[in-house]
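Comments concern the structure below.
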Amino acid sequence: MSETVGARKVLVVDDEPDVEPMFRQQMRREVRAGRYEFLFALSGRHALEVLEEHPDIELVITDLNMPEMNGWELLDALGEQRPELPSMVVSAYGNEENARRAEESGAQGFVVKPVNFRELREKVAASLGVGAD
């Protein structure tokens, strides 16, 4: 997929193989409009590599339970390495404790799986300071 000039880069971090095609399908209108460009990583460690290759990423959306480096460890690393970079958590474990911990870790939003993409669009737009459709 070619890069779109002016598109806001969003990194989605999740070890489940169906997440990338689901995001591409659900967010296709925003991608076609040049609003967002999505990049994907399969673990927190992979996400840090992608961030190094693409320093212009403006938002990280991460799952919590992943191999190698989980979402909590990724949020901690982002807080140390890129504290200005907004992040959000998308997790099947949507309890109050995880939502509170995500906020304390610097995440600007928490979305429970299965993902409500209308809610996610609003939170992504708010995190990036753009209007939602």
Go through segment 91-97 residue by residue and turn each phi into a ³J(HN,Hα) via Karplus (6.51, -1.76, 1.60, θ = phi - 60°); whole Hz please, and just put x for glycine and proline. 8, 6, 9, x, 9, 4, 4
Give a residue-ordered list of calculated ³J(HN,Hα) values for segment 28-43 (Karplus: 6.51 cos²θ - 1.76 cosθ + 1.60, θ = phi - 60°; whole Hz; x for Gly, Pro). 4, 4, 5, 5, 4, 6, x, 6, 10, 10, 9, 10, 9, 9, 9, 7
Just to confirm my numbers, what's the Cα centroid distance between segment 80-107 and segment 64-79 in Å? 10 Å
Packing-based order for 18-29, 106-117, using average beta carbon neighbours within 10 Å, highest first: 106-117, 18-29
With the cut-off at 1.5 for a/c, could you classify the chain from its C-alpha gyration tensor as rounded, prolate or oblate? rounded
Count charges around ASN116 for me, please; just the other residues with Cβ under 13 Å from its Cβ, Lys/Arg as +1, Asp/Glu as -1. +2
Once phi is turned into ³J(HN,Hα) by the Karplus curve 6.51 cos²θ - 1.76 cosθ + 1.60 with θ = phi - 60°, what whole-Hz value does each residue of segment 61-66 show in order, with x for glycine and proline? 10, 10, 6, 9, 8, 8
Counting heavy atoms of the protein chains only and a 1.4 Å probe, report the per residue accessible area for the chain as a whole number of Å². 54 Å²
Percent carbon-and-sulfur accessible area, the chain, ignoring ligands, DNA and RNA, probe 1.4 Å: 46 percent
Other-chain or far-sequence residues with amide H under 5 Å of VAL12's (modelled H): LEU39, PHE40, ALA41, ILE61
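The values are calculated or read from the model by the stated rules, or taken from the named source; none is laboratory data. Predicted, not measured: the structure shown is a model, and the values here were computed from it. Heads up, the Cβs are rebuilt from the backbone with ideal geometry, glycines too, and the neighbour counts pull from every protein chain shown. All accessible areas refer to the heavy atoms of the entire protein, side chains included, with ligands and DNA or RNA removed. Shrake-Rupley method; radii C 1.70, N 1.55, O 1.52, S 1.80 Å.
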